[in-house]
Amino acid sequence: MQKSILLRLLFLFFTIAATAQTPQKSSTSEIFHNLQKLNFVGSALYIAAHPDDENTRLISYLVNDVHANTAYLSLTRGDGGQNLVGPELRELLGVIRTQELLAARRTDGGQQFFTRANDFGYSKNPDETFTFWNRDDVLSDVVRTIRKFKPDVIVNRFDHRSPGSTHGHHTASAMLSVEAFDLVNNASKFPKSAEEYGVWKPQRLFFNTSWWFYGSQEKFEKANKSNLVSVETGNYFPELGLSNGEIASLSRSMHKSQGFGSTGSRGTETEYLELLEGSKPSDNNLFEGINTKWSRLDGGSAIGAILNPLEENFNYKNPSEMLPQLLKAYSLVSNLKDEHWRNIKLKQLDQLILDCGGIFIEAASEANSINPNENFKVNIEAINRGKADVVLKSVKNSDGKILWNEAATLPFNKAEKLEITVNSGTHDPKYSSPYWLNEKGTVGMYVAQEELIGLPETPPLEQLVFELQFENTTIPFTKSIIYKFNDPVKGEVYRPLEVLPEVTASIAEKVLIFASNDAETVSVIVRAGKDTIFGNVSLQHPQGWKVEPAQQAFQLERNGETKTFNFTVTPPSGQSEGYLKAIVSAEGKVFDKELVVIDYEHIPYQSVLLPSEAKVAKIDIQKKGQNIGYINGAGDAIPESLKQIGYIVTTIEPSNISEENLKNFDAIVVGIRAYNTVPELAFVQPILNKYVENGGTMIVQYNTSRGLITENLAPYDLKLSRDRVTDEFSEIKFLAPENPLLNTPNKITQKDFEGWVQERGLYFPDEWAKEFTPILGMKDKGESQTKGSLLVAKYGRGYYIYTGLSFFRELPAGVSGAYRLFANMLSVGK
């Protein structure tokens with residue numbers, strides 16, 4: 001069993017393409033480009049903190065110009081950021097950004113790795129970062145990745161010597177990289193990865209600097225560059241029809257949840273790298289003095305003698321003529337003593353042999369998901385569109401069990417189609433869900449099985465091995481089983497085949513706020529993960545809460561069918577918080593997960609299993625006013641949260657804003673970053689100001705100081721800054737203790753600022769007109785107090801409120817005090 005798991009993991013490590021991706025079908029020029037990569041025996045690793053930190057221009061240069069085996073190690077998955085494509089935050093946002101990074105790497109040709117570090121939000125310095133990250137564990141993961149990937153060259157995105165000048169995660173990533181550089185060759189340091197992968201000695205460590213780190217372009221031009229290496233990254237690749245800058249922009253544009261669409265660039269572009277460790281190479285050759293030819297490997301010279309002439313004399317009209325030489329090289333590569341390079345080069349050769357031979361092989365399940373240890377049908381297609389004789393000898397599962405072995409010769413351009421039955425067996429991990437979410441971690445760290453650490457995603461759990469014979473050479477080709485279907489608009493659509501539970505359940509509302517002693521109905525949705533399943537569903541609840549009935553029976557006939565079951569939940573008389581958990585008993589097992597689907601065009605379809613639970617809170621909360629108008633910004637769950645405490649919330653389309661259709665609202669709330677993302681607001685701001693002047697209450701939530709669609713986002717002067725308080729435990733000072741925002745209808749105390757998550761707030765104003773009253777003071781350790789987190793001004797008969805407090809995080813997290821404060825903001829003047 002362990003051997004099977006290791007084989008699966010080993011295969012995933014050397015697989016660049018995503019399992020849900022449309023099959024690779026390379027053009028002749030792409031075949032030549034891949035042949036160039038095959039003939040380069042050297043690796044580079046780029047290291048930074050988050051998705052989007054990587055310099056795609058340099059990564060693309062290393063992959064497509066140098067032809068190096070290149071990867072990006074992102075210490076986190078970007079869970080702490082915002083989402084510009086949908087409502088997902090935290091863990092689900094991390095899943096999206098993981099897949100966006102993989103999409104970026106498929107675009108620029110690199111590979112992707114991670115550590116177990118959780119992006120807990122903005123950090124001002126590395127000391128703060130390491131209070132949440134377990135430094136030794138993250139360092140262990142960095143060392144593990146370096147030993148596993150064995151880069152000759154390591155490049156840091158950030159400067160390890162400048163704490164406090166940028167995001168604390170950024171500096172921390174560089175500090176750990178510098179520390180790891182000196183540890184990876186010491187077997188006594190992190191001995192587990194040393195035993196598994198061996199020690200390693202990278203040759204050079206660079207810091208990928210730029211004018212930004214010098215403060216301005218002018219300062220950079222005047223700076224001493226004697227320790228810098230410059231590389232030209234603006235080259236054009238005729239075989240791809242793209243410049244390096246164009247590839248880099250396409251790659252960066254995959255970070256869609258961050259709004260990082262990028263326009264392609266053409267022409268000369270220079271990247272600068274400061275040498276930190278190792279010998280300084282000449283400009284434009286980061287691998288100078290490092291043997292990157294086949295002769296680097298014991299037995300490699302004979303391989304180079306075969307493969308190098310293929311590149312020098314490449315036949316664009318008929319690349320299939322290379323096939324005999326590729327097969328000859330395959331036998332030699334299979335016997336290389338260097339296991340690391342043997343596996344890399346065999347994988348590259350596999351794809352070249354298929355491409356040059358015109359061979360297409362595929363395994364497609366008839367179902368999009370299966371359960372553990374289930375028999376399911378798989379349709380096999382194999383076709384030989386080349387001139388070589390090819391025999392499909394057998395099809396095996398990943399454990400080596402023969403599923404078909406009738407040794408069929410593949411005739412020219414005629415598809416061989418088979419139907420076989422596969423048993424899904426049992427796996428570890430058990431399901432296809434992101435492995436780092438299988439166990440509950442901490443604020444700063446995820447939990448992962450040892451053998452999974454660093455992998456970008458859960459290994460494909462269902463794979464088949466096709467044995468193809470070319471004359472006297474038999475080659476195993478491993479293919480993940482996929483699911484595909486025909487969409488009337490999109491045509492052929494590929495998805496990963498997923499292993500999922502037999503049944504899942506979800507509580508419709510993730511946060512349930514009880515503002516009185518009245519009972520409320522809580523809905524649990526039970527979903528079948530197979531045909532014909534029945535059992536019981538119940539709700540676990542905190543002490544003092546009451547749930548009726550104790551359990552309910554269910555029966556579902558078809559996979560994917562859902563039924564909703566209502567429970568009556570009564571809160572205790574006093575204030576109380578806890579969790580409701582949906583528990584399903586069926587087929588002698590207990591299921592406690594909900595299935596969340598993430599489906600966006602730019603990334604593969606994702607099924608995520610999370611604990612089936614919802615936070616419940618009995619809150620002592622009063623409110624005035626009832627009808628709230630909400631103007632959406634970059635996306636948040638504030639409207640749903642306000643409905644939880646009894647408000648009627650109506651979404652207002654900016655294009656429909658008029659004095660007439662605003663007058664019936666007790667308050668208008670503007671969503672996060674609306675003044676960065678909704679251009680229409682620049683034109684309707686006078687109408688919104690008039691609404692306030694006539695007696696309305698308007699609340700504007702945080703916007704970034706850069707990229708505002710108008711500077712006039714308030715009826716009085718207001719200037720945003722980058723001020724923020726990242727410590728969610730920061731002490732709060734009441735600057736205007738008698739102000740209604742702190743007193744009516746709820747008396748706000750220090751207790752209301754307990755239990756906040758991730759941060760206090762961000763992008764506070766630092767300058768404002770005298771008409772504004774600052775309500776709260778707060779600061780991070782070692783800094784001066786900020787006063788711009790919550791500002792209120794009387795304007796005409798109404799009130800304008802600007803707040804950088806992170807209500808968009810606190811309300812969906814069920815933070816009681818945040819609800820009470822927001823209710824006061826909505827109630828002001830009523």
Which is surrounded by fewer than 23 Cβ atoms within 10 Å (Cβ to Cβ), modelled with pLDDT of 95 or more and not in a helix (DSSP H, G or I), of 165, 188? 188
Assuming residue 275 fulfils every condition listed in (1) more than 30 Å from the chain's Cα centre (by Cα); (2) over 24 Å from residue 32 (Cβ atoms); (3) assigned to a loop (DSSP other than H, G, I, E, B) apart from one, which condition is it? (3)
Restricting to segment 353-389, name every residue that is of a type in the set (Asp, Glu), out of contact with any Asp or Glu (no Cβ under 6 Å at 6 or more places or on another chain) and surrounded by fewer than 19 Cβ atoms within 10 Å (Cβ to Cβ). 366, 374, 389
From the options 282, 253, residue that is over 27 Å from the mean Cα position of the chain (by Cα), more than 14 Å from residue 55 (Cβ to Cβ) and of a type in the set (Ser, Thr, Tyr): 282
Within segment 475-501, considering residues that are outside any strand (DSSP E or B) and in contact with a Phe, Trp or Tyr (Cβ under 7 Å, 6 or more places away or on another chain), the one nearest to residue 421 (Cα to Cα): 497
Could you pull out the residue among 690, 663 that is buried (at least 16 other Cβ atoms within 10 Å of the Cβ), without any contact (Cβ under 8 Å) to a residue 40 or more places away in the chain and among the basic types (Lys, Arg)? 690
Against the definition (part of a helix (DSSP H, G or I) and surrounded by fewer than 20 Cβ atoms within 10 Å (Cβ to Cβ)), how does residue 736 come out, yes or no? no
Does segment 291-313 contain at least one residue that is buried (at least 16 other Cβ atoms within 10 Å of the Cβ), among the small types (Gly, Ala, Ser) and assigned by TED's automatic domain parsing to the domain that holds residue 82? no
Output the residue which, of all residues in segment 243-279 that are charged (D, E, K, R) and buried (at least 16 other Cβ atoms within 10 Å of the Cβ), is farthest from residue 212 (Cα to Cα). 256
Can you name the number of the only condition in (1) surrounded by fewer than 20 Cβ atoms within 10 Å (Cβ to Cβ); (2) under 31 Å from the mean Cα position of the chain (by Cα); (3) among the small types (Gly, Ala, Ser) that residue 614 fails? (1)
Do any helices (runs of 4 or more DSSP H) entirely within segment 655-712 hold 2 or more residues that are under 14 Å from residue 633 (Cα atoms), and if so, which? 674-677, 681-693
Checked 614, 667 against criteria (more than 27 Å from residue 256 (Cα to Cα), assigned by TED's automatic domain parsing to the domain that holds residue 801 and of a type outside the set (Lys, Arg)); the one match is 667
Please indicate, with yes or no, whether at least one residue in segment 540-560 is buried (at least 22 other Cβ atoms within 10 Å of the Cβ) and in contact with a Leu (Cβ under 7 Å, 6 or more places away or on another chain). no
Of all residues in segment 27-67 being of a type in the set (Gly, Ala, Ser) and out of contact with any Pro (no Cβ under 9 Å at 6 or more places or on another chain), the one that is surrounded by the fewest Cβ atoms within 10 Å (Cβ to Cβ): 27
Going through segment 695-733 in order, the residues found to be surrounded by 14 or more Cβ atoms within 10 Å (Cβ to Cβ) and among the polar types (S, T, N, Q) are 697, 701, 703, 704, 705, 712, 721, 726, 730
Just need a number here: residues in segment 325-340 that are of a type outside the set (A, V, I, L, M) and surrounded by 20 or more Cβ atoms within 10 Å (Cβ to Cβ). 1
Conditions (1) without any contact (Cβ under 8 Å) to a residue 40 or more places away in the chain; (2) over 27 Å from residue 406 (Cα atoms); (3) out of contact with any helix residue (DSSP H, G or I) (no Cβ under 7 Å at 6 or more places or on another chain): number failed by residue 383: (2)
Restricting attention to segment 719-733, which residues are in contact with an Asp or Glu (Cβ under 6 Å, 6 or more places away or on another chain) and in a loop (DSSP other than H, G, I, E, B)? 726, 727, 728
Can you tell me which residues in segment 341-352 are buried (at least 21 other Cβ atoms within 10 Å of the Cβ) and more than 18 Å from residue 43 (Cβ to Cβ)? 352
Scanning segment 608-635 for residues that are under 22 Å from residue 746 (Cβ atoms) and either among the aromatic types (Phe, Trp, Tyr) or assigned to a loop (DSSP other than H, G, I, E, B) (or both) gives 619, 620, 621, 622, 623, 624, 625, 626, 630
Residue 76 being within 28 Å of residue 674 (Cβ to Cβ) and out of contact with any Gly (no Cβ under 6 Å at 6 or more places or on another chain): yes
Of everything in segment 344-360, what is assigned to a helix (DSSP H, G or I) and either under 16 Å from residue 473 (Cβ atoms) or not charged (D, E, K, R) (or both)? Give them in sequence order. 344, 345, 346, 348, 349, 350, 351, 352, 353, 354, 356, 357
Take segment 240-272 and flag every residue that is polar (S, T, N, Q), in a loop (DSSP other than H, G, I, E, B) and at pLDDT 90 or above. 253, 268
Mind telling me which of the residues 804, 814, 782 ends up being buried (at least 20 other Cβ atoms within 10 Å of the Cβ) and modelled with pLDDT under 95? 814
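The values are calculated or read from the model by the stated rules, or taken from the named source; none is laboratory data. This one's a predicted model, so the numbers in the text were calculated from it and none came from an experiment. When we count neighbours, we look across all protein chains shown, and the Cβ atoms used for this are built from the backbone with ideal geometry, even at glycine.
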